[in-house]
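Shown next, in structure tokens, is the structure this report addresses.
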């Protein structure tokens, strides 16, 4: 009893003066051990420099999230409780003041007189009132050497101008708000700048002289560059099956080169990229501070052979499974051999009303030569054999309605300019057999032909993060050539480019955009056949050959208001298989494509940083000979989505709405077919729900 009175006394002391009950509210000294937190909110008296989620991250006390509130309505689910502790609230106020002080606000006042207690539910609404006050302003910034001389006067002449440009780019400017995080960031940037220019043993320290009366800061950075160093010895530890010679050739430096820290880090990335080590670490071991630098790499090898079994489900592909066996260091010199067996069964697939599911059974091998004349270039050889049921072709009488067989060899040269910025040259040679035709009125049922396709793709640009970018741009041009001097029974060229850009708007929101355009032109005999100049049989045969090459639109990473390949011109098709009759839309595709995406990605209030919301606008257009650059010529869709970040990437759920659907988009294909064939006089009904499209997928849209 005595302890309870003591606690009430503490509460009363902490919350003195908070007797401002509103309707159904009570004085806050009535809180007890069973009081829980309903919500935490902030009121800013003068300025607001930080988002509320940044402030909540500094606090120990937490309020129920949106998901916690949902769980409170679910049966058999116990929602989490968030007890209120007045002592912890006082500590949180101290934590918030320290956070503001680290970010340049020494005189921040934080109180909570507007907090409210609901005695009926015994819940408290914590309202923190914040008056930030004047910020600390940078008055002077200087860089000196250990003898208190201006640093620029002590540098070698060839470094002085580069140092001035770097200093002006990264340093505080007079009048900026001072933050400790920015000071440490500048200190690290200066250290890395000198280490990348040969000064392996450089040291940097900083001193902030704060005048709390006038709210000004004088910053001094003292840089001890030390002697300029050269790589003198490369130590490699932990490799048992791969020789030092193989690993050394992957490093971007040699003994005698001027030291650069970025090259040491790049070497670590190159070793790990061989995919034969589970750990690859780089460091500079303890050594005298002179002009020679010893670098050490420590590695731990992965298992020599391993087997992977995995399965999955895709809305368009259905259930799938894969078996993959890999032999690391195959034939020595860090080569790898992978055998792969994959099956896309088509079970439970839903591509559209009546659309037959695709099936693909593929066996392939992949041989990787990681070093080909240069550490930046590697060679990939991949023979394959596959059986496929292509929904664009008639089913055959083969088991599982397989209508395409193909075997061949893919040869790829992969050149890395910079990390994630690459050039890829590939030659794909294969022999394909199509067992049926796309139309029923042809007598030919088998088409055996060779394909020889040369393709070139590249990735250029720069972003702050290549897996979840927030700032920057990427350009991905592509080009393909079939036929010509490389010999092929299908001749064409196909080229285009994809441009993506990312612009941060706030700390948790980013505007992302994409523009994609492509052009396809048949050549030689292929062009004559597709134009109908070689007769109906050849025309249909070449139409089937070009089906996988044409451009299509629609899908979870395209124009999201439509299903996979369902945007653009389409025809109704009657499919009879195993006595069952289905009618569905078959996409025609196009020789031209133009795609536009605009997406706003933002944080979701009340949820953690792993959650994102999105609002998007997608537009696409397919054409046969040309594209029309008018907004009315595009098909548009808008929608909302939710993303959740996992170790495997984003799980993405998008709901899109067709803004200007075509005639077929809102009507059932069976109704359209019967009406156009004269089997009924009743026009097809419009189904408004066909305007909506739900996508569940992995990874960002672009």
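The values are calculated or read from the model by the stated rules, or taken from the named source; none is laboratory data. Source: prediction; values computed, not measured. Cβ coordinates were reconstructed from backbone atoms using ideal geometry, including for glycine residues, and neighbour counts include every protein chain displayed.
From 99, 84, 105, grab the single residue that is within 22 Å of residue 180 (Cβ to Cβ), buried (at least 19 other Cβ atoms within 10 Å of the Cβ) and in contact (Cβ under 8 Å) with a residue 12 or more places away in the chain.
On the way: 99 fails: buried (at least 19 other Cβ atoms within 10 Å of the Cβ); 84 fails: within 22 Å of residue 180 (Cβ to Cβ).
Answer to the check: 105.
Please tell me if residue 367 is exposed (fewer than 15 other Cβ atoms within 10 Å of the Cβ) and closer than 30 Å to residue 272 by Cβ.
no
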inquiry  = Here is a check on your reading of the model: is residue 657 in a helix (DSSP H, G or I) and at pLDDT 90 or above?
reply    = no
key: Residues (without any contact (Cβ under 8 Å) to a residue 24 or more places away in the chain and either touching a helix residue (DSSP H, G or I) at 6+ places or on another chain (Cβ under 7 Å) or surrounded by 15 or more Cβ atoms within 10 Å (Cβ to Cβ) (or both)) located in the range 177-190   = 182, 189
message = Give me the residue from the range 53-81 that is in contact (Cβ under 8 Å) with a residue 24 or more places away in the chain and assigned to a helix (DSSP H, G or I) and, out of that set, farthest from residue 607 (Cα to Cα).
response = 55
ask   = Looking at the range 643-668, which of its residues are in contact with a strand residue (DSSP E or B) (Cβ under 6 Å, 6 or more places away or on another chain) and within 28 Å of residue 605 (Cβ to Cβ)?
value = 643, 644, 649, 650, 651, 652, 653, 654, 655, 656, 657, 659
ask   = Given the conditions (1) within 33 Å of the chain's Cα centre (by Cα); (2) surrounded by 13 or more Cβ atoms within 10 Å (Cβ to Cβ); (3) free of Cβ contacts under 8 Å to residues at least 12 places away in the same chain, which single one is not true for residue 630?
value = (2)
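Could you check the range 255-323 for strands (runs of 3 or more DSSP E) lying wholly inside it with 1 or more residues that are under 26 Å from the mean Cα position of the chain (by Cα) and within 19 Å of residue 245 (Cβ to Cβ)? Give the steps one after another, and end with the answer.
Values: elements: 277-283, 292-301, 305-314.
Passing ranges, in order: 277-283.
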query = Quick one: which of 350, 328, 324 is out of contact with any strand residue (DSSP E or B) (no Cβ under 6 Å at 6 or more places or on another chain) and not assigned by TED's automatic domain parsing to the domain that holds residue 586?
reply = 350
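Within the range 214-225, does at least one residue satisfy the condition of being over 25 Å from residue 282 (Cβ atoms) and in a loop (DSSP other than H, G, I, E, B)?
Yes, because at least one residue in the range 214-225 is over 25 Å from residue 282 (Cβ atoms) and in a loop (DSSP other than H, G, I, E, B).
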task = Inspect the range 194-212 for any residue being farther than 23 Å from residue 165 by Cβ, at pLDDT below 90, loosely packed, with under 14 Cβ neighbours inside 10 Å and outside the structural domain of residue 259 (by TED's automatic domain parsing) and give the result as yes or no.
result = yes
inquiry  = Give me the strands (runs of 3 or more DSSP E) completely within the range 482-584, filtered to those with at least 2 residues that are closer than 30 Å to residue 667 by Cα, ordered by residue number.
reply    = 509-522, 570-577
query = Out of all the residues in the range 155-173, which are out of contact with any strand residue (DSSP E or B) (no Cβ under 9 Å at 6 or more places or on another chain) and in a helix (DSSP H, G or I)?
reply = 157, 158, 159, 160, 161, 162, 164, 165, 166, 168, 169, 170
remark   = Per the list (1) over 30 Å from residue 694 (Cβ atoms); (2) within 23 Å of the chain's Cα centre (by Cα), residue check on residue 504 breaks on (1)
